[in-house]
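To keep things clear, I will list the structure first and then write my remarks on it.
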Amino acid sequence: MLARISRNGASLIANDPFAPLRQRFLARCVDQLAELKAIAHQAAPLPGNDSPIRLAHSLAGAAGTFGFTEISARASALETLLIEQADGASVRAALDGLIAEIERTLA
């Protein structure tokens with residue numbers, strides 16, 4: 001029996017051998033979402049901080065691998081802004097967009 005699960009435009013097939021990995025990714029997203037929200041509440045400017053760069057890089061790669069292209073694109077954009085030490089407003093907007101996309105996906 002094939003059970004289709006739709007997550008924000010990405011169709012996942014329950015008997016797909018990668019389905020358990022996708023589910024683990026989504027479970028990990030809950031923790032990563034909490035980390036992103038904690039970063040968003042920091043008063044200091046975000047650019048140049050290694051921890052958010054690693055988190056964005058990890059999210060970009062894993063999300064892309066498992067078919068969550070919008071999370072991947074937003075995480076990659078955030079990573080680039082952080083590496084380039086872009087202005088705080090640009091980083092904040094990218095961070096807020098990534099948080100919103102993860103929340104939509106997990107809903």
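Throughout, read-outs are computed from the coordinates displayed, never taken from laboratory work. This one's a predicted model, so the numbers in the text were calculated from it and none came from an experiment. Positions of Cβ are backbone-derived with ideal geometry, glycine not excepted, and every protein chain shown enters the neighbour counts.
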| How far is it, in nm, from the label point at residue 34 to the one at residue 57 when both lie 7 Å from their Cα along the line to the Cβ? | 2.4 nm
| Per-residue HN-Hα couplings for segment 62-78, Karplus 6.51 cos²θ - 1.76 cosθ + 1.60 at θ = phi - 60°, whole Hz, x for Gly and Pro? | 5, 4, x, 4, 9, x, 9, 5, 6, 4, 4, 5, 5, 5, 5, 4, 5
| remark: Going residue by residue through segment 92-107, the Karplus relation 6.51 cos²θ - 1.76 cosθ + 1.60 with θ = phi - 60° gives ³J(HN,Hα) values, rounded to whole Hz and with x marking Gly or Pro, of 4, 5, 5, 4, 4, x, 5, 4, 4, 5, 5, 4, 4, 5, 7, 5
| field | Sorted peptide list for 26-38, 93-105, 63-75, criterion being average Cβ within 10 angstrom, highest first | value | 63-75, 93-105, 26-38
| task | Provide the gained length on full extension for the span residue 100 to residue 73, in nm with one decimal, where the gain is 0.36 nm per separating residue minus the Cα-Cα distance. | result | 8.4 nm
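Once you compute Rg and the Kirkwood Rh from C-alpha atoms, what is the Rg to Rh ratio for segment 16-106?
On the Cα set of segment 16-106, Rg over Rh gives 0.98.
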